[in-house]
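A.B. asks: Can you read through this structure? Questions will come right after.
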Amino acid sequence: LSVNASEASGWKIPETLFGLFFEEINHAGAGGLWAELVSNRGFEAGGPNVPSNIDPWSVIGEESSLIVSTDRSSCFSRNKVALRMDVLCDMEGVKTCPARGVGIYNPGFWGMNIERGKTYKVVFYITSQDSVNISVSFASSDGSQILATANIIASASVVSNWTKQEVLLKATGTNPNSRLQLTTTRKGVIWFDQVSAMPLDTYMGHGFRKELVEMLASLKPRFLRFPGGCFVEGEWLRNAFRWRETIGPWEERPGHFGDVWMYWTDDGLGYFEFLQLSEDLGALPIWVFNNGISHNDQVNPATVLPFVQEALDGIEFARGDPGSKWGSLRAAMGHPEPFDLKHVAIGNEDCWKSNYKGNYLKFYNAINKTYPDIKIITNCDGSSGPLDHPADLYDFHVYTSANNMFSMAHQFDHTPRTGSKPKAFVSEYAVTGSDAGSGSLLAALGEAGFLIGLERNSDIIDMASYAPLFVNSNDRRWSPDAIVFNSWQQYGTPSYWMQQFFAESSGATILSSTLQASSPNSLIASAITWKNTNDNNNYIRVKIVNFGGNTVNLKISVNGLDPNSIRLFGSTKTVLTSKYVMDENSFREPKKVVPIQSLFKNIGENMDVVLAPHSFTSIDLLK
Ligand code: AHR
């Protein structure tokens, strides 16, 4: 492998090249990234009808002591359903309540992770004509072990109108499979609504599960595409993500049923929170909005204008002046400064649908007129020829076998360079099917080859992101995914770790390099140089994927770089490989397939590197 050290031999890789795509799929957000512990906090799952689906809430106590129902008496006008508890027992008298009380519990998303010493904020709304004495507690899944508890006592005059109750619970024990209980031993009728339990300790205090965001942050993502995917479209338009329903105080959000991935979300993780997360990650937000098209129904260009207005309002919400109609709502939510929204995507995977182009043009023209600086992304593939409509970027999605993915490193080699204005946004890529299992080394190697191809074609590719990002292991709707978690554990699949090798690429300079090999179809390489802002040093990184099953002895020369100027301490070799190519990580063995770093000592004119079979190697040379 011969690398030309001169920056003039290459070009600057786009600052935005590698980022993230977050979709609300697999309980990635509700019961995942969003740290809310209560599932169906407004008893609203199933929509505004009563009796409502209160799943996964359950009843504590016998039918003779307690009747639980729902009605539409909530104080929140956009989510009217409230839970009514008729308590028939009392502390004494004919019908005595059990000592632990009667009431309701919520097991969260397959168990709440309650940790000793940590503090949780529990908020809920109640009303009653009687005085109330409610015990709020975290308990083990069968209720036998109490991990934290507090009592809410209020007179009838206080709770005769809906009142907000707030309590901090400090856990005295740890249990990843806990539940939240609201119980009483006092006779009467109590209504509950909007019950929330959040750990105080969230990423930047913004409500995101810390360990999960930290995994994202370490990829140094330059953008965050959200909130889908198919989630944006819906099976039916009535179930698509509508940003206006997801902003403002959490108590007032109606929530919605995502009918593609088939679960309810309270929309605690709403449009504002996605923008906030992007900012917290130092990533540009890329908002994908519904374009009047779902999987099964669509509006036509003549009637799409309300959708266009919805998109314009959403942009104003993100970046409008705090004095503007929608910008003022953002300011009221605690973010007077505009978010850095510079990209929007008109729909997801809809190019082939009859109304796409007609609708697209309505959106494009309106957005372009009001916000000419915003880059607009079309769903139509522009990799093989010019598009018949204006766009700044075109979406490119690929899910395929490992072999195909590896050979698609050359997918963009022949894309016309001249006059091809829209650049590619490879917003979803992954090896899927039997090559991938639930996240294999083989899949990661195919993807690594593909990404090297993207780097090498980054004169015409602006952005790329793996999909899907997260899976809650209790609700695998799509496999594989980059990060697997449950209520208390998480690990990266090899595809997650593979992306770490590209964390420095965005904004770096790609160097020209030539690979001569006896097995050229199973090897691919690239070289970049960049200045590390942490240590202020310059590095060259050479990445090589050995997709084949044989060991390869590679000689690397960096022409134009005096080997004496390379520093031994600080130059490293990092390898992602494993014993078997189908090896995966798991909760039991989360680090079975992870990059291993060592010092790189073979510095010289010709640097010998042994590439293990089925491996991804990067050599970092510190200049
Ligand atoms: O990433 C999973 C799904 O794959 C996305 O929702 C969709 O865009 C694609 O078909």
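A.B. asks: Out of curiosity, is S506 touching a residue at least 40 places away in the same chain (Cβ under 8 Å) and under 21 Å from H410 (Cα atoms)?
C.D. replies: Criteria met by S506.
A.B. asks: Condition test on Y364, is it away from the ligand (no atom under 14 Å from the Cβ) and outside any loop (DSSP other than H, G, I, E, B)?
C.D. replies: yes
A.B. asks: Then there's this: Residues that are in contact (Cβ under 8 Å) with a residue 60 or more places away in the chain and more than 16 Å from the ligand (Cβ to nearest atom): which helices (runs of 4 or more DSSP H) entirely in the stretch 204-307 hold 1 or more of them?
C.D. replies: Per the criteria, 210-217, 271-281.
A.B. asks: Residues being closer than 26 Å to P227 by Cβ and more than 16 Å from the ligand (Cβ to nearest atom): count how many of those fall in the stretch 425-449.
C.D. replies: Within the stretch 425-449, residues that are closer than 26 Å to P227 by Cβ and more than 16 Å from the ligand (Cβ to nearest atom) number 1.
A.B. asks: To continue, here is another question. Could you list, ordered by first residue, the pairs with Cβ atoms under 6 Å in which the first is in the stretch 550-574 and in the same structural domain as I596 (by TED's automatic domain parsing) and touching a residue at least 12 places away in the same chain (Cβ under 8 Å) and the second is of a type in the set (F, W, Y) and buried (at least 16 other Cβ atoms within 10 Å of the Cβ), at least 6 apart or interchain?
C.D. replies: S571/F600; T572/F600; K573/F600
A.B. asks: I'd like the residue in the stretch 348-376 that is touching a Pro at 6+ places or on another chain (Cβ under 6 Å) and touching a residue at least 60 places away in the same chain (Cβ under 8 Å) and, out of all such residues, is surrounded by the most Cβ atoms within 10 Å (Cβ to Cβ).
C.D. replies: Per the criteria, the residue is N359.
A.B. asks: Of the residues G29, G61, which is more than 16 Å from the ligand (Cβ to nearest atom) and either among the small types (G, A, S) or assigned by TED's automatic domain parsing to the domain that holds G111 (or both)?
C.D. replies: G61
A.B. asks: Being among the acidic types (D, E) and under 41 Å from the mean Cα position of the chain (by Cα) is the filter here; which residues of the stretch 63-88 pass it?
C.D. replies: Answer for the stretch 63-88, where residues must be among the acidic types (D, E) and under 41 Å from the mean Cα position of the chain (by Cα): D71, D86.
A.B. asks: If M91 meets every condition in (1) more than 33 Å from the chain's Cα centre (by Cα); (2) within 16 Å of the ligand (Cβ to nearest atom); (3) among the hydrophobic types (A, V, I, L, M, F, W, C) apart from one, which number is that one?
C.D. replies: Among (1) more than 33 Å from the chain's Cα centre (by Cα); (2) within 16 Å of the ligand (Cβ to nearest atom); (3) among the hydrophobic types (A, V, I, L, M, F, W, C), the lone unmet condition for M91 is (2).
A.B. asks: Checking the condition in contact with a strand residue (DSSP E or B) (Cβ under 8 Å, 6 or more places away or on another chain) and within 16 Å of the ligand (Cβ to nearest atom), which residue from A345, A318, A402 passes?
C.D. replies: A345
A.B. asks: Looking at L511, L454, L515, L469, can you tell me which residue is in contact with a strand residue (DSSP E or B) (Cβ under 7 Å, 6 or more places away or on another chain), over 18 Å from V581 (Cα atoms) and within 16 Å of the ligand (Cβ to nearest atom)?
C.D. replies: Being in contact with a strand residue (DSSP E or B) (Cβ under 7 Å, 6 or more places away or on another chain), over 18 Å from V581 (Cα atoms) and within 16 Å of the ligand (Cβ to nearest atom) holds for just one of L511, L454, L515, L469, which is L469.
The values are calculated or read from the model by the stated rules, or taken from the named source; none is laboratory data. Quick caveat: nothing in here was measured; it's all calculated off a predicted structure. Positions of Cβ are backbone-derived with ideal geometry, glycine not excepted, and every protein chain shown enters the neighbour counts.
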